[in-house]
Amino acid sequence: MSSPLGNNQELCKHNKPWPTPAATWTAGQQVSVKFAPGGAPHGGGHCQFSFSYDGGKKYVVVHEIMGHCFGADNNQRDISFTLPAGLPSAKQADFLVTWVNAVGNREFYCWSTNVAINGGSTPFTGKEVTIANWRTYPVIPEFRGNFNTGVDHYKNAKTITVG
């Protein structure tokens with residue numbers, strides 16, 4: 001994620017499914033998301049990992065890191081977490097990574113790809129992805145050393161059901 005989302009761009013810079021899944025994951029397994037070196041860590045920030053089963057209309061969060069995502073010194077480039085065991089199976093679910101930077105211009109970064117998910121059930125309920133610092137969504141101010149800045153936007157997210 002080397003550039004923020006522009007106000008005239010679609011969420012994650014595209015609106016069509018990828019031709020084939022980038023990976024096949026199993027509900028309940030640990031996955032690792034690796035980010036290429038480079039880019040600016042902007043002092044860390046808040047990030048979420050989410051899935052959509054309806055072509056990007058609703059995204060449900062399966063993992064989040066508040067405050068120190070990517071690390072202040074850009075050393076956190078591999079992030080591992082366990083997928084929920086009840087995550088619905090899909091031939092192509094949209095996997096979304098979003099990030100609000102701690103320091104610098106108020107920007108919203110996102111990246112997505114399609115993955116296949118095996119072994120899950122349906123439906124799955126969780127928090128809706130938080131979008132900030134983009135278009136008419138709320139603005140989370142620069143953290144200025146307070147890594148709890150904007151956390152209420154994430155804590156108070158609407159609960160949604162997917163699958």
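Accessible area ranking (1.4 Å probe, heavy atoms, ligands and nucleic acids excluded), largest first, for GLU64, GLU10: GLU10, GLU64. Under 17 Å from the Cα of LYS155, which aspartates and glutamates turn up, not counting those fewer than eight places away in the same chain? Filter leaves GLU64, GLU128. Matching the structure-derived Rg/Rh (Cα atoms, Kirkwood Rh) against the labelled list [x] 1.14; [y] 2.11; [z] 0.94 gives the label [z].
So for the chain, averaging the separation of alpha carbon pairs under 8 Å that are six or more residues apart and normalising by length, what relative contact order in percent results? Walk me through the intermediate numbers first.
On the way: 396 pairs, mean separation 45.6, N = 163.
Once divided by the residue count of the chain, the mean separation gives 28 percent.
At what distance in angstrom do the alpha carbon centres of the stretch 136-163 and the stretch 77-120 lie from each other? Distance between centres, Cα-based: 16 Å. Each label was represented as a point 7 Å from its Cα along the Cα-to-Cβ direction; for ARG144 and LYS158 these points are 3.1 nm apart. The calculated 222 nm mean residue ellipticity attributable to helices in the chain amounts to -500 deg cm²/dmol, summing -39500 (n - 2.57) over DSSP H runs of n ≥ 4 and dividing by all residues. What a 1.4 Å probe finds exposed on the chain is 50% carbon and sulfur by accessible area, rounded to a whole percent.
The aspartates and glutamates whose alpha-carbon is closer than 17 Å to the alpha-carbon of LYS91, local same-chain residues fewer than 8 away aside, are ASP54.
The values are calculated or read from the model by the stated rules, or taken from the named source; none is laboratory data. Computed from a predicted structure; not experimentally measured. Positions of Cβ are generated from backbone atoms using ideal geometry, with glycine treated the same way; all protein chains shown enter the neighbour counts. Accessible surface is based on the protein model in full, side chains and every heavy atom, while ligands, DNA and RNA are left aside. Shrake-Rupley method; radii C 1.70, N 1.55, O 1.52, S 1.80 Å.
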